[in-house]
1. One residue is enough: does the stretch A:39-53 have a residue meeting the conditions within 17 Å of A:L69 (Cβ to Cβ), at pLDDT below 95 and over 12 Å from the mean Cα position of the chain (by Cα)?
2. Just to verify a result, which residue in the stretch B:88-133, among those that are open to solvent by 10 Å² or more (accessible area, probe 1.4 Å) and under 21 Å from A:Y36 (Cα atoms), is farthest from the chain's Cα centre (by Cα)?
3. Just one of A:V163, A:V153, A:V174, A:V223 is over 30 Å from B:I153 (Cα atoms), open to solvent by less than 70 Å² (accessible area, probe 1.4 Å) and assigned to a strand (DSSP E or B); which is it?
4. So which residues in the stretch B:286-304 are closer than 22 Å to A:L257 by Cα and facing another protein chain (nearest Cβ under 7 Å), if there are any at all?
5. With respect to A:A133, determine if the residue is aliphatic (A, V, I, L, M), facing chain B (nearest Cβ under 7 Å), on the phi < 0 side of the Ramachandran plot and not in a strand (DSSP E or B).
6. Being under 25 Å from A:I32 (Cα atoms), buried (at least 24 other Cβ atoms within 10 Å of the Cβ) and more than 10 Å from chain A (Cβ to nearest Cβ) is the requirement here; does B:A235 meet it?
7. Just checking, does the stretch B:253-272 include any residue being in contact with a Ser or Thr (Cβ under 9 Å, 6 or more places away or on another chain), outside any loop (DSSP other than H, G, I, E, B), at pLDDT below 95 and open to solvent by 20 Å² or more (accessible area, probe 1.4 Å)?
8. Give the residues of the stretch B:281-295 that are open to solvent by less than 70 Å² (accessible area, probe 1.4 Å) and within 17 Å of A:G237 (Cβ to Cβ), sorted by residue number.
Amino acid sequence: MNIYVLMKKTFDTEEKIQISDGKIETDGAEFIINPYDEYAIEEAIKVRDEHGGEVTVVTIGDEESESQLRTALAMGADKAVLINTEDDVEEGDQVTTTKILEAYFEDKEVDLILAGNVAIDEASGQVGPRLAAKLDIPYVTTITSLEIDGDTVKIDKDVEGDVEKVETSLPLLVTCQQGLNEPRYPSLPGIMKAKKKPLEELEIDDLDLDEDDVEASTETVEVFLPPEKEAGKVLEGETDEQVKELVSLLKTEAKVL
Amino acid sequence: MGKFLVISEVRDGELRNVSFENIAAARQIDENGEVVAAVLGDGDLESLGQELIQYGADRAVVVQHENLKNYTSDGYVQAAMAVIEQEDPDGIVMGHTSEGKDLSPRIASKLDSGLISDVTQIEGSGDDVKFIRPIYSGKAFEKKVITNGKTFITIRPNNIAPPEKDESRSGDVQKVEVDVQNLRTVIQEVIRKASEGVDLSEANIIVAGGRGVKSAEGFDPLYELADALGGAVGASRGAADAGYCDYSLQIGQTGKVVTPDLYIAVGISGAIQHLAGMSNSKVIVAINKDPEANIFNVADYGIVGDLFEVVPALTEEIKALKG
């Protein structure tokens, strides 16, 4: 089976966000595999181990993205592809990303594509469904269980806490939700092997695209931080008194009751 | 600007709140524009169309088909595209809900249009309109504009106030016939697991528990408090990872991002991942036995104490207040 994972690197969830020159400061920040993409990588490896085939992890990024790709290879993916847009794309958006991926997949035989349901940075969740639409294959978002039997695929889909039992078929794109699996940590032998696994580097030129082809359809005109919250009032006294005061404050001062 | 299509959302035969918020968003973008509300589904949709007009839509378009009983991307995209082709709107507004998140990118892809997802605030109007949305789960915000395609946005529920209902308003509800076929995904069954009543993403009041709640049973007093308040129950990653509750309740950078009027954090230490998911709530109350807990830094009101004493006492007090 030809299994592909769409991966993005994101800021470590522990990072504080700082802005300089109107942009998010990335210098010195720790990057990780987008947590939802880790579920996608784990699931891809499990599907391959059960049904055979090959897992290719694809990312659009810069030179630094190699680190996250090596981690994915160390977890057990077979091949990695870095589409390096550092020199060609100044301000991309989901249209840009989809266009590049569409070009990449144009000559690929695809059985299954897995992605995170959102990236925790921009959190638009658009790229998976947009790509599936371009490739004209079905998709199911926010999955929490995946079972493949021949061409038939049985899926549990999380819908705001409810579970939908979905039946569909390959080829298919899915986006992964928390609860799907427990992503493994790379083992030491895994890390050693990953160094020798193939990592292909492409630029948009290799996909017969130029800068105009991947122009964004939206533009970010400003980035800003929310106002700092000041620490509030810690209530005093016995439990009963604190609770009475709290209810009174919520009613009269905060006006939320 | 001109004509806006707002794509409504139906659950259990009723319009979800965000459907009305969509109308408010469209009006904010263009006060004088025409707002056409679309309802896709099965059953009696015409009365829902009228209701949308009472909430400020100029007219409504409904697509009714048995294959639209459950939401599927394949079914709904056929219905939505038929309406879009008929109306050729300048802008489209949908809710940033499970359904909206699934459907909107596919429509945008078909239209080769830009799409700004998860908008929480609209600034300016007309050609100068800018859309504000959280990034890094609310650790920062960005202001975006559409440079190519339709003014296509999804709005986060609970952030843009819906218009007042005006029962004297009436308008035209038109049925559009679409033969919805060839569904490649089939919903076999829907298992209701979410807490009855209030949906976490639309809740005005949330009571959330963390590791301090100590067990699944430990969540019981939180449910009682949420019931008394008419709110929903959420959780921190710590509580979900420990198996005290379902992952669907998780609030944070992984999990849901919520902005209720009142957020009561119970036994939650306040890790940065959790704060990212809730710190833009209007009023935050923290209940924790550790006075040094980080959650107190973002709380408007704090109670240092044993949650198993404080929460039941609070429930009683709320019940007394509401009579």
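1. For the stretch A:39-53, residues within 17 Å of A:L69 (Cβ to Cβ), at pLDDT below 95 and over 12 Å from the mean Cα position of the chain (by Cα): absent.
2. Result: B:R106.
3. Just a single option satisfies the conditions, and that option is A:V153.
4. B:F296, B:V298, B:A299, B:D300, B:Y301, B:G302, B:I303, B:V304, listed by residue number.
5. On the way: aliphatic (A, V, I, L, M): yes; facing chain B (nearest Cβ under 7 Å): yes; on the phi < 0 side of the Ramachandran plot: yes; not in a strand (DSSP E or B): yes.
Judged against the criteria, A:A133 is a match.
6. Yes: the conditions hold for B:A235.
7. For the stretch B:253-272, residues in contact with a Ser or Thr (Cβ under 9 Å, 6 or more places away or on another chain), outside any loop (DSSP other than H, G, I, E, B), at pLDDT below 95 and open to solvent by 20 Å² or more (accessible area, probe 1.4 Å): present.
8. Across the stretch B:281-295, the qualifying residues are B:V285, B:A286, B:I287, B:N288.
The values are calculated or read from the model by the stated rules, or taken from the named source; none is laboratory data. Given the structure is predicted, the values throughout are model-derived calculations rather than measurements. Quick reminder, even Gly has a Cβ in these numbers, built from the backbone with ideal geometry, and neighbours come from all protein chains shown. In case anyone asks, the SASA skips ligands and DNA or RNA and just uses the protein heavy atoms, side chains included. Shrake-Rupley method; radii C 1.70, N 1.55, O 1.52, S 1.80 Å.
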